[in-house]
Amino acid sequence: MKTDNKRRIFFIMAIAVLILALSNGMRFTIPLDVINPYEYFYGTERTHFQIMNIFLGGAAVPLAALSGGYMLMTFRDHALVNIILTLVVMFFIALISVVFLFGFDPLPAIFLMLILAALFIRTDKRIVLGAFVLLLLLHIIVNGLMVILSGLNSPGDIIYSSIQEVNRFSSTFRSSDYFAIVGLNLEVFFTYQLSEWFMWIFGILPWTLLGIVLHKFNLAELFRNNGLLMISITAALLVGGIIIKMIEVISLDSFTAAEFAERFGGPLLGTGYFMLLFLIFNMLPEKLSGVFGAAGEKGLTVYILSNVIMAVASYGIGFSLYGEVSIGNMTFIIIIIYALLLVIMNVLRRYGIKSLEELSAVAVRKENIK
């Protein structure tokens, strides 16, 4: 059981890292936050964006947060202070990535919410479930009803592309002035992320708590004993998430519809993906899941290295692909990078070579993972 749980969460985390990297890839391609993509893209490029946005938009971060919450429970036998110190170290590594590589990186927010969620790992499962439900209700009220009521049919509900901002982002990221790139990364982090810190609490923390809840209620046992029911729940989450995400496609340029689809359809999809990966793991041969498991076990290293490679590919300090490569091609590039890193992580694991995950206060011993 210990071995199965370890391999399962490493496999799920490996796929979560890939999905997060694919989601980040769109912002390594274009300044997505200052354009109306349905006005900016045409033809095949618009189709590629719609496909990526429907299946990844708003889903990648909840999936990573949920997986992180579930993984936290595998370290519950360690001292809480060591777990928190480990997360703090990883949080600062993520901050370094934000400054020097990718200003839109959601990883610092995920680690910050995991630090808060760590306080619940030894709490009664009913209390954790109650905290999740409370935060979910607040999320529905603050990020759902209030957004809809304030934006519906208002003159400011249309998304406009800011060509001036597009040119500023493109010229800076394509330049060889690395200090200008770092400065823009800092501006992006403070403008688009830190200024909406409350979104982290309502948009990320509930899913980290849900990961803890699913572990406490023994999700693996539920899949074993109630397979048909769990498959039905998984299908409902996936279909429901996609239907809500389609609202954004139909509305085209409505800010309210886009926000609603991302904040509600995305988390539903992310949870559905988590459940689906649980199911897929049960059907995969052990050797195949183990290959992916290396990328999950060393997930932070894979993620940071993928950002390093993408920064070199996109920015002027490297190949200057920012704004010049299509979303479809960027997706292909990220998959190739991930495959390469997957091979490297398996080599590192085989020869016991340490990576970023060992920069922690928790001495991770495989036999202690439950």
When Ala339 is run through (1) in a helix (DSSP H, G or I); (2) over 14 Å from Phe102 (Cβ atoms); (3) in contact with a helix residue (DSSP H, G or I) (Cβ under 7 Å, 6 or more places away or on another chain), the failure sits at (3)
- Message: Among the residues in region 77-87, are any loosely packed, with under 15 Cβ neighbours inside 10 Å and outside any helix (DSSP H, G or I)?
- Response: yes
Restricted to region 1-57 and to residues being buried (at least 22 other Cβ atoms within 10 Å of the Cβ) and among the hydroxyl-bearing types (Ser, Thr, Tyr), the residue nearest to Gly265 (Cα to Cα) is Ser23
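Looking at region 113-169, which of its residues are of a type in the set (Lys, Arg) and either in a loop (DSSP other than H, G, I, E, B) or at pLDDT below 85 (or both)?
At the first step, the residues of region 113-169 found to be of a type in the set (Lys, Arg) are 122, 125-126, 168.
Once the filter is applied, which keeps residues that are of a type in the set (Lys, Arg) and either in a loop (DSSP other than H, G, I, E, B) or at pLDDT below 85 (or both), region 113-169 yields only Arg122.
Taking Glu248, is it acidic (Asp, Glu), crowded, with 24+ Cβ neighbours inside 10 Å and either assigned to a loop (DSSP other than H, G, I, E, B) or touching a residue at least 60 places away in the same chain (Cβ under 8 Å) (or both)? Break it down stepwise before answering.
Details: acidic (Asp, Glu): yes; crowded, with 24+ Cβ neighbours inside 10 Å: yes; either assigned to a loop (DSSP other than H, G, I, E, B) or touching a residue at least 60 places away in the same chain (Cβ under 8 Å) (or both): yes.
So Glu248 passes the test.
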**Item:** Hey, Ile212 more than 30 Å from Phe169 (Cα to Cα) and in contact with a Gly (Cβ under 6 Å, 6 or more places away or on another chain) or not
**Value:** yes
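The values are calculated or read from the model by the stated rules, or taken from the named source; none is laboratory data. Note that the structure is a prediction, hence the values are computed from the model and not measured. We place every Cβ from the backbone using ideal geometry, glycine too, and count neighbours over all the protein chains shown.
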